[in-house]
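Reading through the structure tokens given below for one structure.
The values are calculated or read from the model by the stated rules, or taken from the named source; none is laboratory data. Owing to the predicted nature of the structure, the values given are computational and were not obtained by experimental measurement. No Cβ is skipped: glycine too gets one built from the backbone with ideal geometry, and neighbour counts run over all protein chains shown. Heavy atoms of the whole protein, side chains included, go into the accessibility calculation; ligands, DNA and RNA do not. Shrake-Rupley method; radii C 1.70, N 1.55, O 1.52, S 1.80 Å.
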Amino acid sequence: MIRREGDLIEMEETGSMAFPFVARYRIRLRPPDGWEADARSNMGHTHNAYRLFSDAEGTRLEMTFDVRLTGPYRLFAPFAKGFIVRKISREWDDYVRAMQAGR
């Protein structure tokens, strides 16, 4: 985390999604049940919204991503969508398994 002031958090993330990236996030907490994140990276920018809600099976998380690739990365957009969805789905599945295992 770079800084936090009230309901605003700034952070930086590095990783690889077929290409290395460095992203800087501005996260706005929306208590009690959500948050939004805007990010800028070498690949483009994104606005993500997250909302927690109850249903018959427990607590669910709804996520919405608006990703705008820039420069040469735009050429990969038609191919990247499926890849990104699969990668993020696997990561969230890993989180769920870790929570269920109590880690």
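Under 5 Å between amide hydrogens, which residues at least 5 positions from Met43 or on another chain qualify, with H placed 1.01 Å from N in the peptide plane?
For Met43, the qualifying residues are Val22.
When ligands, DNA and RNA are left out and all protein chains stay put, how many square angstrom of accessible area per residue does the chain have with a 1.4 Å probe? Display every interim value, and only then the final one.
Numbers: 7770 Å² over 103 residues.
That works out to 75 Å² per residue.
In segment 9-103, with Lys and Arg counted as +1 and Asp and Glu as -1 at Cβ, which of these residues, Phe21, Tyr73, Ala101, has the Cα nearest the positive end of the dipole, that is, farthest along it?
The one lying farthest along the dipole's positive direction is Tyr73.
Tell me, what % of the accessible area of the chain is carbon and sulfur with a 1.4 angstrom probe?
On the way: 4290 of 7770 Å².
Carbon and sulfur together cover 55 percent of it.
I need the fraction of alpha carbon pairs in segment 29-103 separated by more than 16 Å, rounded to a whole percent. Present the calculation step by step, with values, prior to reporting the outcome.
Values: 1786 of 2775 pairs.
Tail of P(r) above 16 Å: 64 percent of Cα pairs.
With +1 on each Lys and Arg Cβ and -1 on each Asp and Glu Cβ, how big is the dipole of the chain about its Cα centre, in debye rounded to the nearest 20?
Values: 17 positive and 15 negative charges, 71 e Å.
The calculated dipole for the chain is roughly 340 debye.
What list of ³J(HN,Hα) couplings, whole Hz, do you get for segment 80-88 from phi and the Karplus terms 6.51, -1.76, 1.60, once you set θ to phi - 60° and write x for glycine and proline?
After applying 6.51 cos²θ - 1.76 cosθ + 1.60, I find 6, 3, x, 4, 5, 4, 5, 5, 5 Hz.
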